[in-house]
Each structure stands twice: as C-alpha cells, then as structure tokens.
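Peer 1: Pasting in a structure now, in structure tokens, and then I'll have a few things to ask.
The values are calculated or read from the model by the stated rules, or taken from the named source; none is laboratory data. Because the structure is predicted, anything quoted here is derived from the model rather than measured. When we count neighbours, we look across all protein chains shown, and the Cβ atoms used for this are built from the backbone with ideal geometry, even at glycine.
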Amino acid sequence: MTSSSPAAVLWDMDGTIVDTEPYWMLAQEKLVASYGGTWTHEAAMTLVGSGLDRSARILQEFGVDMPADDIIQLLSTRVMEQISEHVPWRPGALELLTALHERGVPMALVTMSIDRMARHVSEQIPFAAFDTIVSADVVVESKPHPEAYLTAASELGVDIRDCVAIEDSVTGVTSAVASGATVIGVQHLLNLDDSGADQIWDTLAGRTPDDLAAALAEVRA
C-alpha cells in the first residue's frame, strides 16, 4: 500500500456497489399491495439510503399489518432472491473494489441492510473484499447518524479522518461526513449537489485508487 493511499475505504452498498434500489422498491410495492394498499414512487424515494427500521414504519403507515422486524426480514429475503438471479453492479464498482484489493487497501462495507443480505452481496464479489461488515444489526443509530462509519473505522483500527467513504444517498453522505471521513458522493437516484460530500462524481467507472488518494489529500491539505 502506498503512503498516499487512504487508511481504508468504507463502502456503502445499496445504490453504490449494487443497484438494488429497484429491487427494494418492487418488494415494497408487492408487500403493500398484498394488504390492499398502493405504494407510490414518491414514498419509495423517501426511503433511499434510510435504515430499514424507518422503512418498516413507513410501510406500516401504508397498511402493512406486520411487526417491523418481520417486514425487514421479508423485504430482505425478496431482494436477496432477486440478487441471486442477477447482480446489478453499479458502473465501475467491481473494478474499483478489485483495484483497491490488489493494492492492499483495507475496506469495510457500511450498510443499513441487515447482515445476512450484506454478506449475500459481498459473496457475489469474486474475492474477499471486506475486512469488516457493519450492518443495521450491529448499530444502535442508523444513517444519517455517524455510528456505522465510526464503528467501521474502529473495527479496522484506523483513524476515520484517514478514510474515504463512498456513498450514493443524501442520508449516507450525511452519516459519512459527520463521522469525519473524506466523502465521495456518487450520483445515482438522488441529486447530491447540496449533500455536503467532499467530492461528487457522476460515476465510479474509470476511477482508480489514486483518485481516492487524491480526494483525501485535497481535503486534508
């Protein structure tokens, strides 16, 4: 690992590594419909990047008469089933993961999905990409609280200020910024122009570990 590399790269999952948001939205729509309700695109968009506990509460408001944990488990299972059929990699994500792995940069997966889903996605990567996984199961406070990112840095034994976080949602960016990491916002479903990210990239396609190192150096200069 070069001296200019981040101490670690902390990855969001849904919408950053894999484009699972359409899978979540379909699962939400079917669940609400099964209780005679109508799920809206606007409601679905408000949940992008949110913790699943909040998603469950909103779905209950739309008429889903199930305990919150049952909703979380059911939705996660349905999304995992879709991933098993087709892994929707985001452009450039797998290539950047590979390049960082080859360089020996420690990496963490920091997601508000539950642990079994996070591990299901990580197992689709053709190498052991992550030194630790911080999921919704192991934090008290969901994003936008910084707990998940601070936990990841602690488990990796690195200073969060020497880390780069990669996110695609305003909620996730807010979490990562609050933690003290250098934050790359990757445009996807939500406009990140006013999110507070240190840099905003249109895509990860063509990006390299050196780009992450340069971003960190610029912020720390």
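Peer 1: Output the number of residues of the range 5-14 satisfying the condition of being outside any loop (DSSP other than H, G, I, E, B) and modelled with pLDDT under 95.
Peer 2: Result for the range 5-14: 1.
Peer 1: Still on this model: Being outside any strand (DSSP E or B) and in the same structural domain as Gly180 (by TED's automatic domain parsing) is true for just one of Val79, Val105. Which residue is that?
Peer 2: When all the criteria are applied, what remains is Val105.
Peer 1: State whether the residues of the range 120-132 include one that is farther than 27 Å from Ala214 by Cα and not in a loop (DSSP other than H, G, I, E, B).
Peer 2: Yes: one or more hits.
Peer 1: If I ask for residues that are closer than 24 Å to Val140 by Cβ and either in contact (Cβ under 8 Å) with a residue 24 or more places away in the chain or of a type in the set (D, E, K, R) (or both), which ones from the range 21-65 would you list?
Peer 2: Hits for the range 21-65 are Trp24, Val48, Gly49, Ser50, Gly51, Leu52, Asp53, Arg54, Ser55, Arg57, Leu59, Glu61.
Peer 1: Any chance you could count how many residues in the range 169-217 are modelled with pLDDT of 95 or more and among the acidic types (Asp, Glu)?
Peer 2: 4
Peer 1: Considering only residues that are surrounded by 18 or more Cβ atoms within 10 Å (Cβ to Cβ), among the small types (Gly, Ala, Ser) and not in a helix (DSSP H, G or I), which ones fall in the range 15-54?
Peer 2: Those that are surrounded by 18 or more Cβ atoms within 10 Å (Cβ to Cβ), among the small types (Gly, Ala, Ser) and not in a helix (DSSP H, G or I): Gly15, Gly49, Ser50, Gly51.
Peer 1: In addition: Pick from the range 141-167 the residues that are assigned to a helix (DSSP H, G or I) and of a type in the set (Val, Ile, Thr): which of them is farthest from the chain's Cα centre (by Cα)?
Peer 2: Only one residue tops the list, namely Ile160.
Peer 1: Any residue in the range 182-203 that is touching a Phe, Trp or Tyr at 6+ places or on another chain (Cβ under 9 Å), surrounded by fewer than 24 Cβ atoms within 10 Å (Cβ to Cβ) and closer than 15 Å to Val9 by Cα?
Peer 2: Within the range 182-203 (the criterion being touching a Phe, Trp or Tyr at 6+ places or on another chain (Cβ under 9 Å), surrounded by fewer than 24 Cβ atoms within 10 Å (Cβ to Cβ) and closer than 15 Å to Val9 by Cα), the answer is no, since none of the residues qualifies.
Peer 1: Is it fair to say Leu204 is part of a helix (DSSP H, G or I), over 22 Å from Ser76 (Cα atoms) and touching a helix residue (DSSP H, G or I) at 6+ places or on another chain (Cβ under 8 Å)?
Peer 2: Taking the combined requirement at face value, the residue does not satisfy it.
Peer 1: Does any residue in the range 188-209 that is outside the structural domain of Pro146 (by TED's automatic domain parsing) and without any contact (Cβ under 8 Å) to a residue 60 or more places away in the chain come within less than 7 Å, Cβ to Cβ, of a residue that is buried (at least 18 other Cβ atoms within 10 Å of the Cβ) and of a type in the set (Val, Ile, Thr) six or more places away or on a different chain, and which pairs are these?
Peer 2: Listed by first residue and then by second, the contacts come to nothing, as the list is empty.
Peer 1: Which of the residues that make up the range 95-116 are buried (at least 23 other Cβ atoms within 10 Å of the Cβ), of a type outside the set (Ser, Thr, Tyr) and modelled with pLDDT under 95?
Peer 2: Met112
Peer 1: For the range 55-72, enumerate the residues that are buried (at least 17 other Cβ atoms within 10 Å of the Cβ) and in a helix (DSSP H, G or I).
Peer 2: Once the filter is applied, which keeps residues that are buried (at least 17 other Cβ atoms within 10 Å of the Cβ) and in a helix (DSSP H, G or I), the range 55-72 yields Ser55, Ala56, Ile58, Leu59, Ile71, Ile72.
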